[in-house]
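What follows is one structure encoded as structure tokens, with my remarks underneath.
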Amino acid sequence: MKDIIVFDMDGVLVEVGESYRETICQTVAHFTGKSITRELVQEYKNAGGWNNDWALSQKIARDLGTEVEFDTVREYFDGIFFGTVTDGIPDGLMSREKWIAQPGMLEKLNERFQFSIFTGRLQAEAQMTLRRFARHLHFHPFIGADDVTQGKPHPEGLQKIVAAAPEAEYWYIGDTVDDARASRAAGVPFIGIAAAGVPQRDKLVELLEAENAMVILNDINELPGFLNV
């Protein structure tokens, strides 16, 4: 059996500054009338416990003095994130996402390692992105937010993946403190991602190191060098 690399999606496989992070900013501005920066969003992410971007948008709005029902936040958030979806292709902010891996890198890595995903995205949403960028790659097991009863930083998703093949060796690759904490709680070695341009990168690196990350990379294109592939 191949050893298994488990990927988070946002900030690891997909660059989401212009999609998820921008959607949070626009959602908060819509309900509060106040502009926020992506630096502020990163502060909340670094604090941990805010893997769900709907809940985070609601929390920031509350902290700015505006209480909004969760379902109302979710409806507006999804409206600008997805926009109109035609034949599985969205025209909202989701369409701004970019695939991070350089051509051929993951394909070469896949020759040696099995791929899996544990993401805070819902299954259907995550599959929409993979069909757009990597329909030729196979990720199994694939655990999304609707496959667990408790989201990150709880380790449930990773525990499900490991239970499917307990004899394999695993690595989990993520870009938030919640990813790192889930990995540590599941007993899976963690590889951190701290992109060169991410807000408050030094703080993020410090947090990931405190959670015993094996290494912290700028992006997954550095992964083959670390794994000697």
Inset, instruction - Go through region 75-153 and name the GluC sites (Glu not before Pro) that are in a DSSP coil and have 16 or fewer other Cβ atoms within 10 Å of their Cβ. - result: GLU111
Inset, instruction - Could you size up the charge dipole of the chain around its Cα centre, putting +1 on the beta carbon of Lys and Arg and -1 on that of Asp and Glu, and report it in debye to the nearest 20? - result: 180
Legend entry - Rounded to 10°, Cα long-axis angle of helix 53-63 versus longest principal axis of the chain: 40
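For region 145-229, how big is Rg over Rh, using alpha carbon atoms and the Kirkwood form of Rh?
Details: Rg = 13.1 Å, Rh = 13.4 Å.
Ratio of gyration radius to Kirkwood radius for region 145-229: 0.98.
Below 8 Å, C-alpha to C-alpha, sequence gap of six or more: please give me the relative contact order for the chain in percent. Spell out each step's value before the answer.
Numbers: 382 pairs, mean separation 58.3, N = 229.
Result for the chain is 25 percent.
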Inset, instruction - Select from region 157-210 those GluC sites (Glu not before Pro) which occupy a DSSP coil region and have at most 15 other Cβ atoms within 10 Å, ordered by residue number. - result: GLU167, GLU169
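Do you know the relative contact order of region 17-95, to the nearest whole percent, from alpha carbon pairs under 8 angstrom that are 6+ apart?
Result for region 17-95 is 33 percent.
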Legend entry - Computed helical MRE - 222 nm, the chain, DSSP H runs ≥ 4 contributing -39500 (n - 2.57), nearest 500: -12000 deg cm²/dmol
Legend entry - Cα-projected label distance for SER35 with HIS138, points at 7 Å along beta-carbon direction, nm: 4.9
Inset, instruction - In a Gaussian network model over the chain where Cα atoms closer than 10 Å are linked, find which of GLY11, GLY197, GLY92 has the largest mean-square fluctuation. - result: GLY197
Inset, instruction - In whole Å, largest first, what are the principal axis extents of the Cα atoms in the chain? - result: 52, 42, 33
Inset, instruction - Please grab the % of Cα pairs in region 17-95 that end up more than 17 Å from each other. - result: 41
Legend entry - the chain: most fluctuating residue of VAL68, VAL85, VAL41 per GNM, C-alpha cutoff 10 Å: VAL85
Legend entry - Listed residues ILE89, ILE143, ILE216, most fluctuating in the chain (Gaussian network, C-alpha, under 10 Å): ILE89
Inset, instruction - Calculate, in nm to one decimal, what ARG62 and ILE89 gain on full extension: separation in residues at 0.36 nm each, minus their alpha carbon distance. - result: 6.5 nm
Legend entry - Residues of type aspartates and glutamates that LYS2 reaches as a straight line, Cα spacing below 13 Å, ignoring anything fewer than 8 places off in the same chain: GLU111, GLU167, GLU169
Inset, instruction - Find how many whole Å separate the alpha carbon centroid of region 1-55 from the alpha carbon centroid of region 140-201. - result: 16
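Quick note: the coordinates plus some simple rules give every number you see, no bench work behind them. Note that the structure is a prediction, hence the values are computed from the model and not measured. With ideal geometry, Cβ positions are generated from the backbone for all residues, glycine too; neighbour counts draw on all protein chains shown.
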